[in-house]
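Engineer: Structure in structure tokens, see below.
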Amino acid sequence: MINKLWNSPWLWLSLMLLATLWYAWPQLFYSLFIVYDALETYFPAGLEWVQPLLHIIENLRAGSLWWIKQ
Amino acid sequence: MVLNLLFWIAHFFLFLFLAYISLGYFRSGRASLDLAIMLFLWIFYTTCSLMLFGLLGWLTAPALGITALLVLLLFVVFEPFRNKLFQFLSAWTSFASELRQWWCTLPRWLKWLAGTAAVFGLVRFAFLIWTLPPFIWDSLTYHLTNVGQWIHDGRIGIFPTSTARIFSPANYEVLATWFGVFIHHDIVIEASGLPAYLLGGLSVYAITRGLDGRQQAATIATITYLSVPAFLFAVTNTKNDPYVAAVYLLCSAILVNSFLRDRDVHRGTLLGQMVIFISAVLFAVGTKTYMVHLFPGLVLVGIGVVLKNHKESNANSLIRQMRSELDALGKRGKGLFALLLCMAIFLGGYWYVRNLVQTGSPFFPYGVRIEGETVLESEGNTIDLSPENFLYNLQAFASKFGDKQYRIVPDLSNTTGWGWIIYGMGLVAAGWALIQKKEFRLLFTGFLASFLVIAISLPRSPWNLRYVIWLPAIFAIGLGLFFEYTHQWPVSGRKVLVGLFWFCLGMNGIMSLTYNLIPIDQIGSMLALPALERDAGKFHLQVPVEYESVYQYVPNDVVLGYNLHENGFVYPLLRADLSQDLAYIPVRENETCPQIADELRSKDTRYLFVAPVHTEDYVIGILEKCASSGEILRERAPGLFVIKSNDQ
């Protein structure tokens with residue numbers, strides 16, 4: 001049983017996906033801000049719809065950092 | 001300028017040729033490690049030549065270039081060297097064919113991934129190096145201050161300045177002058193870390209191959225390590241840590257390939273490998289002292305691999321083999337080994353001996369404290385070796401693990417900077433490799449030992465994990481080996497794995513575009529300037545706007561006086577073309593305006609530059625009082641005080 005689990009691709013893939021998800025917060029949002037910054041500089045008009053979404057993300061990020069510091 | 005470019009090419013070609021002809025004595029039998037050793041020899045020889053010319057006061061493009069051309073001419077005239085020269089030129093064809101063979105061993109998806117990563121990496125490096133001037137705090141304070149002043153003076157030496165940290169070991173800085181001295185400009189000075197980047201990548205490749213990983217595993221490990229933000233950012237940040245990391249990895253590769261493999265594969269090169277190992281360690285000690293703290297981990301790996309592979313014959317057989325190799329060496333080989341070791345002792349020891357002679361302490365300006373007892377007095381920071389410091393650093397590492405506190409920036413503020421692939425895939429893969437691969441366990445133990453030893457002495461700061469940018473390499477190697485194991489997986493599972501690797505690599509790539517730090521409009525403002533006028537003082541990410549006053553109001557053919565504190569930016573005052581004559585003007589707390597003016601006159605200048613945050617407040621206060629009283633000095637522009645013309 002243990003051998004079967006050990007050799008199962010899904011064990012390793014699940015662990016890696018979980019680790020990636022764990023790492024994504026907050027690093028994913030920093031990267032998204034870079035993309036947004038670039039788009040905002042070069043295509044400012046097309047990004048108005050993203051503003052509220054970013055506002056929410058920024059608040060979530062600030063909240064999570066506050067939570068980590070606690 | 002064309003002539004200087006010719007000198008630059010000649011110098012590069014000469015030392016590449018010398019690295020090639022001496023490589024014959026150091027061959028490992030592993031193509032990737034041979035390439036890494038050849039690159040190390042180029043770094044080593046180039047640094048040594050610049051050091052000698054610099055100490056003699058000949059650090060100029062004509063002196064370096066004409067000497068290189070003359071030596072090349074001698075090689076063309078004398079037949080044995082001429083033959084070697086032709087051999088060297090034809091070796092590129094066989095190198096290209098070996099490269100093609102390696103490319104053919106990779107699966108299609110990896111060819112796409114490696115090709116995309118290589119093109120992206122090249123464009124990114126070229127763009128950032130060309131567009132941005134140096135902007136990292138320590139570089140502007142002392143690393144590049146040394147480089148710029150040495151190029152300006154045509155001589156390597158100590159000069160009066162505000163920061164005592166110019167006394168730090170400086171092999172990297174010597175090599176960095178190569179990127180500026182021929183064109184007398186800093187436009188490509190940030191490329192000075194690229195040799196370390198290549199050396200680090202080749203070493204990781206060679207280690208993975210030495211652990212019996214195939215080309216595919218080694219390529220994945222290499223791509224992973226080369227995309228680690230902490231290493232990738234540091235490479236173009238004009239700092240010396242990438243060189244220590246690259247040399248550490250080279251030494252690990254030598255140990256793994258020399259002792260772990262079947263001795264028959266590379267009989268006759270063990271002694272040469274050990275000479276390179278010792279030279280590399282000494283080179284790194286002369287680059288940054290903390291290499292001494294990494295060394296025990298290497299020793300542990302060395303002992304471990306020797307014991308593992310030579311239980312029956314025991315370690316004495318290795319010593320016997322090295323002795324027989326020494327006996328079989330010709331005069332030329334023995335001479336080369338002796339010369340290389342002498343050069344290594346010179347590069348490793350020069351800075352410490354100079355400091356001992358000039359200041360009384362080999363580690364000046366740093367002090368050393370062991371368990372609360374001051375062993376060496378300091379002018380600035382003190383290295384604290386104590387169990388408390390060790391525990392503090394382990395706790396600090398735990399808090400930085402996972403990069404949860406901040407985004408990854410070049411200074412690694414409160415982060416490890418290991419990035420998406422290492423955290424998302426490398427940690428799990430290394431866990432698998434630790435259980436499955438005995439040799440990997442050995443190497444991991446060595447890396448862990450180096451980390452634990454350096455944790456005893458790490459300075460307590462949010463940025464201290466830049467000293468361990470070699471550590472993620474072990475997880476990259478684990479991931480490479482893990483990929484090899486997944487060959488037996490069903491296609492669907494493998495596709496998910498490859499997809500995840502693409503995603504994580506892409507995320508590392510996105511953050512690397514702007515160092516995760518620089519606003520796009522600031523990059524735009526630099527692009528708007530002509531390439532040769534992108535002075536470090538015009539890039540206001542960290543540099544105060546006052547530095548612009550110097551470029552606007554001070555001619556570059558006069559002396560500029562400056563007063564900055566220990567942590568102030570001296571380098572931007574030299575300008576991008578390293579043309580400004582500088583004079584450090586100390587100001588005491590009770591100094592009067594006439595005394596300051598006298599000090600300026602004695603240094604043959606009427607200009608005095610100060611900047612908020614970079615100059616002590618009391619100095620700015622005195623100067624402002626002088627200016628408002630109308631006595632002798634006036635403020636010509638923000639941060640720039642001049643002696644009034646009628647008082648000259």
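Engineer: Is it the case that some residue within the range B:455-467 is within 12 Å of chain A (Cβ to nearest Cβ), in contact with a helix residue (DSSP H, G or I) (Cβ under 8 Å, 6 or more places away or on another chain), within 22 Å of B:Asn240 (Cα to Cα) and outside any helix (DSSP H, G or I)? Walk me through how you get there before you give the answer.
Structural biologist: So in the range B:455-467, the residues within 12 Å of chain A (Cβ to nearest Cβ) come out as none.
No, the range B:455-467 contains no residue that is within 12 Å of chain A (Cβ to nearest Cβ), in contact with a helix residue (DSSP H, G or I) (Cβ under 8 Å, 6 or more places away or on another chain), within 22 Å of B:Asn240 (Cα to Cα) and outside any helix (DSSP H, G or I).
Engineer: What pairs can you find where one residue is in the range A:1-28 and under 15 Å from B:Trp418 (Cα atoms) and at the interface with chain B (Cβ under 7 Å from one of its Cβ atoms), the other is surrounded by fewer than 16 Cβ atoms within 10 Å (Cβ to Cβ) and modelled with pLDDT of 95 or more, and their Cβ atoms are less than 8 Å apart, with a gap of 6+ or different chains?
Structural biologist: Final answer for the pair search is A:Thr20/B:Phe503.
Engineer: Could you look through the range B:509-526, keep only residues that are more than 9 Å from chain A (Cβ to nearest Cβ) and within 12 Å of B:Phe233 (Cα to Cα), and pick out the one that is surrounded by the fewest Cβ atoms within 10 Å (Cβ to Cβ)?
Structural biologist: B:Leu517
Yes/no matrix, rows are residues, columns are (1) within 25 Å of B:Phe295 (Cβ to Cβ); (2) of a type in the set (Gly, Ala, Ser):
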| position | (1), (2) |
| --- | --- |
| B:Asn381 | yes, no |
| B:Pro387 | yes, no |
| B:Asn414 | no, no |
| B:Gly424 | no, yes |
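Engineer: Same structure, new question: Name the pairs: first residue in the range B:160-189 and touching a residue at least 24 places away in the same chain (Cβ under 8 Å) and under 16 Å from B:Phe363 (Cβ atoms), second residue among the β-branched types (Val, Ile, Thr) and not in a helix (DSSP H, G or I), Cβ to Cβ under 6 Å, at least 6 apart or on different chains?
Structural biologist: B:Asn171/B:Thr287
Engineer: Another question about this same structure. So, B:Pro586, is that one surrounded by fewer than 19 Cβ atoms within 10 Å (Cβ to Cβ) and either more than 19 Å from B:Trp137 (Cβ to Cβ) or modelled with pLDDT of 95 or more (or both) or not?
Structural biologist: Details: surrounded by fewer than 19 Cβ atoms within 10 Å (Cβ to Cβ): yes; either more than 19 Å from B:Trp137 (Cβ to Cβ) or modelled with pLDDT of 95 or more (or both): yes.
Taking the combined requirement at face value, the residue satisfies it.
Engineer: List pairs: first in the range B:610-633 and on the phi > 0 side of the Ramachandran plot, second of a type in the set (Val, Ile, Thr), Cβ under 7 Å, 6+ apart or cross-chain?
Structural biologist: Pairs that qualify, where the first residue is on the phi > 0 side of the Ramachandran plot and the partner is of a type in the set (Val, Ile, Thr), are B:Ile632/B:Ile643.
Engineer: Looking at B:Leu106, B:Leu70 in this structure, which one is in contact with a helix residue (DSSP H, G or I) (Cβ under 8 Å, 6 or more places away or on another chain) and at pLDDT 90 or above? Quick ask: steps written out before the conclusion?
Structural biologist: Details: B:Leu70 fails: in contact with a helix residue (DSSP H, G or I) (Cβ under 8 Å, 6 or more places away or on another chain).
That would be B:Leu106, the only listed residue that is in contact with a helix residue (DSSP H, G or I) (Cβ under 8 Å, 6 or more places away or on another chain) and at pLDDT 90 or above.
Engineer: Residues B:Gly210, B:Gly272: which one is closer than 14 Å to B:Val305 by Cβ and at pLDDT below 95?
Structural biologist: Checking each option against the conditions leaves just B:Gly210.
Engineer: B:Ser579 versus (1) surrounded by fewer than 22 Cβ atoms within 10 Å (Cβ to Cβ); (2) over 30 Å from B:Thr177 (Cβ atoms); (3) modelled with pLDDT of 95 or more: which is the lone unmet condition?
Structural biologist: (2)
Engineer: Could you list, in sequence order, all residues of the range B:503-529 that are over 19 Å from B:Ala230 (Cα atoms) and either part of a helix (DSSP H, G or I) or in contact (Cβ under 8 Å) with a residue 60 or more places away in the chain (or both)?
Structural biologist: Result: B:Ile520, B:Asp521, B:Gln522, B:Ile523, B:Gly524, B:Ser525, B:Met526, B:Leu527.
Engineer: A further question follows. Output yes when any residue across the range B:20-28 is among the small types (Gly, Ala, Ser) and within 18 Å of B:Gly210 (Cα to Cα), and no when none is.
Structural biologist: First, pick out the residues of the range B:20-28 that are among the small types (Gly, Ala, Ser): B:22, B:24, B:28.
Next, only the ones that are within 18 Å of B:Gly210 (Cα to Cα) stay: B:28.
For the range B:20-28, residues among the small types (Gly, Ala, Ser) and within 18 Å of B:Gly210 (Cα to Cα): present.
Engineer: Here is a follow-up. How many of the residues making up the range B:128-165 are β-branched (Val, Ile, Thr) and in contact with a Gly (Cβ under 8 Å, 6 or more places away or on another chain)?
Structural biologist: Filtering the range B:128-165 down to residues β-branched (Val, Ile, Thr) leaves B:129, B:131, B:136, B:141, B:145, B:147, B:151, B:156, B:158, B:161, B:163.
Keeping just the survivors that are in contact with a Gly (Cβ under 8 Å, 6 or more places away or on another chain) gives B:141, B:147, B:151, B:156, B:163.
The number of residues fulfilling the criteria is 5.
Engineer: Do we find a residue being within 14 Å of chain A (Cβ to nearest Cβ), touching a Lys or Arg at 6+ places or on another chain (Cβ under 7 Å) and in a helix (DSSP H, G or I) anywhere in the range B:389-401? First the steps, then the outcome.
Structural biologist: Kept after step one, since they are within 14 Å of chain A (Cβ to nearest Cβ), are these residues of the range B:389-401: B:398-401.
Those still in the list that are touching a Lys or Arg at 6+ places or on another chain (Cβ under 7 Å) too: none.
No; the residues of the range B:389-401 include none that is within 14 Å of chain A (Cβ to nearest Cβ), touching a Lys or Arg at 6+ places or on another chain (Cβ under 7 Å) and in a helix (DSSP H, G or I).
Engineer: Within the range B:411-439, take every residue that is more than 10 Å from chain A (Cβ to nearest Cβ) and modelled with pLDDT of 95 or more and give me the one that is surrounded by the most Cβ atoms within 10 Å (Cβ to Cβ). Before the answer, list the steps.
Structural biologist: Looking only at the range B:411-439, we keep the residues that are more than 10 Å from chain A (Cβ to nearest Cβ), and these are B:411-414, B:416-417, B:430, B:433-434, B:437-439.
Adding the requirement that they be modelled with pLDDT of 95 or more leaves B:416-417, B:430, B:433-434.
On the way: B:Thr416: 23, B:Gly417: 28, B:Ala430: 22, B:Ala433: 26, B:Leu434: 15.
Per the criteria, the residue is B:Gly417.
Engineer: Any idea how many residues of the range B:51-83 are hydroxyl-bearing (Ser, Thr, Tyr) and assigned to a helix (DSSP H, G or I)?
Structural biologist: Residues of the range B:51-83 hydroxyl-bearing (Ser, Thr, Tyr): B:60, B:67.
Within this subset, residues satisfying the condition of being assigned to a helix (DSSP H, G or I) are B:67.
Qualifying residue count for the region: 1.
Engineer: Tell me, yes or no, whether the range B:16-38 has at least one residue that is under 25 Å from B:Asn240 (Cα atoms) and either among the basic types (Lys, Arg) or not in a helix (DSSP H, G or I) (or both).
Structural biologist: Within the range B:16-38, none of the residues are under 25 Å from B:Asn240 (Cα atoms) and either among the basic types (Lys, Arg) or not in a helix (DSSP H, G or I) (or both).
Engineer: Now a separate question. Going through the range B:540-567 one residue at a time, which ones are touching a residue at least 60 places away in the same chain (Cβ under 8 Å), surrounded by 23 or more Cβ atoms within 10 Å (Cβ to Cβ) and in contact with a Ser or Thr (Cβ under 8 Å, 6 or more places away or on another chain)?
Structural biologist: Within the range B:540-567, B:Tyr562, B:Asn563, B:Leu564 qualify.
Engineer: On the basis of being closer than 24 Å to B:Phe283 by Cβ, modelled with pLDDT of 95 or more and either in contact with an Asp or Glu (Cβ under 8 Å, 6 or more places away or on another chain) or buried (at least 24 other Cβ atoms within 10 Å of the Cβ) (or both), does B:Phe182 make the cut?
Structural biologist: Details: closer than 24 Å to B:Phe283 by Cβ: yes; modelled with pLDDT of 95 or more: yes; either in contact with an Asp or Glu (Cβ under 8 Å, 6 or more places away or on another chain) or buried (at least 24 other Cβ atoms within 10 Å of the Cβ) (or both): yes.
Yes: the conditions hold for B:Phe182.
Engineer: List the number of the failed condition for B:Phe364; all other conditions in (1) in a helix (DSSP H, G or I); (2) away from every other protein chain (no Cβ under 14 Å) hold.
Structural biologist: All conditions are met except number (1).
Engineer: So which residues in the range B:489-502 are part of a helix (DSSP H, G or I) and either within 20 Å of A:Leu39 (Cβ to Cβ) or facing chain A (nearest Cβ under 8 Å) (or both), if there are any at all? Steps first, answer last, please.
Structural biologist: Within the range B:489-502, the first condition is being part of a helix (DSSP H, G or I), and the residues that meet it are B:491-502.
Scanning the range B:489-502 gives B:Gly493, B:Arg494, B:Val496, B:Leu497, B:Leu500.
The values are calculated or read from the model by the stated rules, or taken from the named source; none is laboratory data. These numbers were taken from a predicted model, which means no experiment stands behind them. Note: ideal-geometry Cβ built from the backbone for every residue, glycine included; neighbour counts use all protein chains shown.
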